[in-house]
Amino acid sequence: MAMNGAMIGKPINRIDGRLKVTGSAKYAAEFAVPGVVHAVLVEGTIGAGSIAGFDLAEAQGMPGVLAIITPDNAGKLESPKNMPQAVAGPLLQNHDILYNGQHVAVVVAETLQQAQAAGARVRVHYNNGEVATSMDALLGQAYVPKHFRSGQRPPDSNRGDSEGAFSTGAVKLDTTYVTPLEHHNPMEPHATIAAWNGNKLTVWTATQGISGAQNTLAGQFGLDKADVRVIDPYVGGGFGCKGNTWPPATFAALAARMVRRPVKLVLSRAQMFTSNGYRPRTVQKLKLAADNDGKLLSMRHDGFSSMSQPVLGEFVEPVALATEMLYACPNVAITHRLVALNAPLPTYMRAPGESSGVYALESAMDEMAVALKMDPIEFRLRNYAETDPHENKPFASKALRACYQQGAAAFGWDKRTPEPRSMRDGHVLVGWGFATSTYPTNRQPATVRARMNRDGSVVVQSGTQDLGTGTYTVMTQVAADTLGIPIQRIRFELGDSVLPPAPVSGGSSTVPSVAPAVAAACKGLLAKIKDLAIADPSGGWHNQSPDVLQVRDGLVIGPDRRVSITSLLERHNQPFIEATVKGAPGDEKKQYSLHAFGAQFAEVRVDADLGTIRVTRFVGAFDGGRILNAKTARSQLIGGITFGIGMALLEETLVDGETGRIVNPNVSEYLMPVNADVPDIQTIIVQNDETRSNPLGVKGIGELPMVGVAAAIANAVYHATGVRVRKVPIRIEDVLV
Ligand code: MOS
């Protein structure tokens, strides 16, 4: 699709920046809905068993209490069709307790404080069951996922003979890596305001997918989709935990129906640890073998991820998918298995699969390079996959070699001495580590409407989301470029289910899905304007080819004359002219393997006496396709790398083995990187102009920059200390040996 390119890529400021810094951007909980009352969740306090009964008299007698919803009065909710994830419960449908912190009641009162006070006085009697918390103890009972990748492919794959080839290897590795539970912790908590008008439901809810929320709620309450409106113009971070429609949104709607008032339900930070998924713990067994020249002969990656009780649905951390495609190796086997625990349902978290899986794979690749006495980048290059070895197809584009080269040059990799502990700086051990990144390019159908008003202003609409990533800004840039008008003349609208439908903002797919549709809709609008101009018998271009016309700066320009769009619309008595276009993937996925790539370089400094680990430099070089805005892209890249620093050194949700209760459900004990933990991060965009992935050549960069970061840091820690830590987060005590 031709672009004049004036705005694409420009590092313009966020269009919604002023609204955000002045507090006037409205998040879900901030809408002023008249007559709203407040709901709070009551969480159970045992890890498994059942509810024997409630003692509600005291809570019901508290001031302002309007209703207490329990499994005894919640009524039956339907299951939305074809959405095993969306039914993520439990939804107060029975007395079973499946995990500690499970919602057992919802208290509704006139004020938040009244609801909280009454919630604290809900008494629950339990029958205690046996609590399964140890994934390691239950590894032998791991089971095969039933809905892996929504049933699009099997959870296992095999090419060649990995076992046979392993036995012939000159250099071998057979080891296990472990990653912990992690929680997303977006700044904005989950929040829903629900209001009924007869049988029509409106919800303002914090979500990565207004269409999904609309479908789920319509299904649960037996409504037509058209009778559910979901509004969410600004999202304060999601990272995956707002991808599903979780029980609290359903409870808000249920409560509003029960008390016949609009109901607001906002989660506390602690409730964010039990209500909306998490990255599951993984145990990953890696077996690699290579010949003496560093050619990979065999790879095997067996991934186990922790799950809730299966009755809640299914979520698999697809850790081994990158192992299938990243390196040219003839013999590769992967498996994915689940271990059921008394835990909430896990979910997508930034680069689900790749974050945990590439940590293990790229740690193992580093161990192999050490064993081969080969530079880690050289080892990757010897096994560089020119085509996708799993799908057996060419890549739409792959500039990974350029990522390696440009990243290494910026980092100064050639000055690295390979021996561990060889780069001391006084009592500080300096380590340099490296890892590859990859993430698939995902595109889904998206519909966009572009409308030009008589005054030449343009409104472009799509029911997509802006998670804080810059959707408003980059879509406006694409529209401005296609229409040839300044961004100030364009308003992009999103976050309302009455707008044309767009997919969930997950899998880094918003830009690859919606941006090409924005360009197509704007092209469609230009074509309609030209058609209107040549349809006009008195206009001078009657019945001429539209190709002789150009639309620019609010004018229709022909060979001999120009006409303003305002006068054109006036003459045809039209207040506006619009085009609606559904963009959808073509057959590119059949022809090509679609992936983004990157190279991650970390420097750590480890205090030789104290074992404290600091990341002191970081360089990431990325082939993320065409970049729509250099500034919002850089924010995504440094945000992803920061997430990776968290995974490597800090983040871990701790569960009490006896009770299954999360013991650090807060941001003081769940450690996340703060400014002092994050060095100056250098990011490099390796330009890769192609239009095979999609008409704009965009790949999505929300998740790519996180992948490989934990491995690069773990490999740097090994290089600094000589200690190979095979789990994250890496703590002081892991390197003090
Ligand atoms: Mo992302 S974890 O697909 O929101």
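Values quoted throughout were computed directly from the atomic coordinates according to the rules given, and no laboratory measurement underlies them. Everything quoted here is computed from the prediction, not taken from an experiment. Counting neighbours? That spans all protein chains shown, and the Cβs are built from the backbone with ideal geometry, glycine included.
Taking every residue in region 333-362 that is touching a residue at least 12 places away in the same chain (Cβ under 8 Å) and pairing it with any residue that is within 14 Å of the ligand (Cβ to nearest atom) and part of a helix (DSSP H, G or I), at least 6 positions away or on another chain, the pairs with Cβ-Cβ distances below 6 Å are R350/F643; R350/M706; A351/M706; G353/L321; S355/M706.
Within region 687-737, the residues that satisfy the criterion of being charged (D, E, K, R) and buried (at least 24 other Cβ atoms within 10 Å of the Cβ) are K699, E703. The combined condition, being buried (at least 22 other Cβ atoms within 10 Å of the Cβ), in contact with a strand residue (DSSP E or B) (Cβ under 6 Å, 6 or more places away or on another chain) and not in a helix (DSSP H, G or I), is fulfilled by A194.
To keep it simple, each residue is scored yes or no on (1) more than 16 Å from the ligand (Cβ to nearest atom); (2) closer than 20 Å to K631 by Cβ; (3) crowded, with 23+ Cβ neighbours inside 10 Å; (4) under 25 Å from the mean Cα position of the chain (by Cα).
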site	(1), (2), (3), (4)
Q444	no, no, no, yes
S457	yes, no, no, no
Q461	yes, no, yes, yes
D481	yes, yes, yes, no
F492	yes, yes, yes, yes
D496	yes, no, no, yes
V511	no, yes, yes, yes
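Annotation note: Cβ proximity below 6 Å between a residue of region 498-511 that is closer than 16 Å to V235 by Cα and a residue that is within 14 Å of the ligand (Cβ to nearest atom) and among the acidic types (D, E) (sequence gap 6+ or interchain) occurs for S508/E703.
In the set (1) away from the ligand (no atom under 16 Å from the Cβ); (2) of a type outside the set (G, A, S); (3) on the phi < 0 side of the Ramachandran plot, R421 fails one condition alone, (3). Can you say whether G697 is in contact with a strand residue (DSSP E or B) (Cβ under 7 Å, 6 or more places away or on another chain) and on the phi > 0 side of the Ramachandran plot, as far as the supplied structure shows? Yes, satisfied. Just give me the residues in region 681-711 being within 15 Å of the ligand (Cβ to nearest atom) and in a loop (DSSP other than H, G, I, E, B), in sequence order. Residues satisfying the conditions are K699, G700, I701, G702, E703, V707.
Could you say whether any residue in region 145-168 is in a helix (DSSP H, G or I), free of Cβ contacts under 8 Å to residues at least 24 places away in the same chain and either touching an Asp or Glu at 6+ places or on another chain (Cβ under 9 Å) or basic (K, R) (or both)? The answer is no, given that none of the residues of region 145-168 is in a helix (DSSP H, G or I), free of Cβ contacts under 8 Å to residues at least 24 places away in the same chain and either touching an Asp or Glu at 6+ places or on another chain (Cβ under 9 Å) or basic (K, R) (or both). Quick check: anything in region 307-328 within 25 Å of G700 (Cα to Cα) and of a type in the set (S, T, Y)? Checking region 307-328: at least one residue is within 25 Å of G700 (Cα to Cα) and of a type in the set (S, T, Y).
For V428, the criteria (1) surrounded by fewer than 23 Cβ atoms within 10 Å (Cβ to Cβ); (2) in contact with a helix residue (DSSP H, G or I) (Cβ under 8 Å, 6 or more places away or on another chain) hold in every case but one, which is (2). For region 483-496, the criterion of being of a type in the set (K, R) and part of a strand (DSSP E or B) is met by at least one residue.
Quick one: in region 249-273, of everything that is under 14 Å from T70 (Cα atoms) and either within 16 Å of the ligand (Cβ to nearest atom) or buried (at least 24 other Cβ atoms within 10 Å of the Cβ) (or both), which residue is farthest from the chain's Cα centre (by Cα)? So, considering only residues that are under 14 Å from T70 (Cα atoms) and either within 16 Å of the ligand (Cβ to nearest atom) or buried (at least 24 other Cβ atoms within 10 Å of the Cβ) (or both), the one farthest from the chain's Cα centre (by Cα) is A255. The number of residues in region 496-512 that are closer than 21 Å to I701 by Cβ and of a type outside the set (A, V, I, L, M) comes to 8.
Restricting to region 463-479, give me the number of residues that are within 16 Å of the ligand (Cβ to nearest atom) and among the small types (G, A, S). Total meeting the criteria: 2. Across region 178-191, the qualifying residues are those that are assigned to a loop (DSSP other than H, G, I, E, B) and within 16 Å of the ligand (Cβ to nearest atom), and the one among them that is nearest to the chain's Cα centre (by Cα) is H184. The number of residues in region 211-233 being surrounded by 22 or more Cβ atoms within 10 Å (Cβ to Cβ) and either away from the ligand (no atom under 16 Å from the Cβ) or outside any loop (DSSP other than H, G, I, E, B) (or both) comes to 8. Taken over region 88-116, the criterion of being of a type in the set (V, I, T) and within 21 Å of V259 (Cα to Cα) is satisfied by V104, V106, V107, V108, T111. In the set (1) within 16 Å of the ligand (Cβ to nearest atom); (2) part of a strand (DSSP E or B); (3) surrounded by fewer than 22 Cβ atoms within 10 Å (Cβ to Cβ), R449 fails one condition alone, (1). Quick one: is G507 more than 16 Å from the ligand (Cβ to nearest atom) and of a type in the set (G, A, S)? When the stated conditions are applied, G507 does not pass them.
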